[in-house]
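Worksheet for the structure shown next.
The values are calculated or read from the model by the stated rules, or taken from the named source; none is laboratory data. In this text, all values refer to a predicted model and were calculated from it rather than measured experimentally. The accessibility values were calculated without ligands, DNA or RNA, using every heavy atom of the protein model including side chains. Shrake-Rupley method; radii C 1.70, N 1.55, O 1.52, S 1.80 Å.
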Amino acid sequence: MQYDLGLSGLGILVALALGFGVIAHVIAGRHTTWMWAVGALAAFLGGLYFSEVLFATYTEDEIQPIIDGLALDESMLGGLLVGSAAVLVTWFLTQRRTHGPIAH
């Protein structure tokens, strides 16, 4: 098995991941300065995994589009799934409790 992700494909994946990070920061990270980094890193890793591991054995006839070795649709799906999960978990873990314990 040969992985053939070129510089153009890698650049597209980085741009998609950074875009996801910015959107995640606008939606979920208003009170944090680093939510964009969590979202972007998770989206990059998820997109890379989906494109280069899960769908690496598929040919150009089986999946489209492939841009410089990057399975574009599959990498976007992987970035969305893994990035969303990472942002949601991070958001839930960093929420400050605004209400104290319930008094009985």
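Results, tabulated for the structure shown:
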{"read-out": "Surface share of carbon and sulfur [accessible, 1.4 angstrom probe, percent] for the chain", "value": "66"}
{"read-out": "Among Leu45, Leu54, Leu13: highest mean-square fluctuation, GNM of the chain, C-alpha pairs under 10 Å", "value": "Leu54"}
{"read-out": "Mean Kyte hydropathy of 1.0 or more with a Cα span along the axis of at least 24 Å, helices from DSSP in the chain", "value": "7-28, 72-94"}
{"read-out": "Distance histogram in 10 Å bins (all Cα pairs of the chain, percent per bin)", "value": "16, 40, 23, 13, 5, 3, 1"}
{"read-out": "Accessible solvent surface per residue of the range 1-100, calculated while the other protein chains remain in place, 1.4 angstrom probe, Å²", "value": "66"}
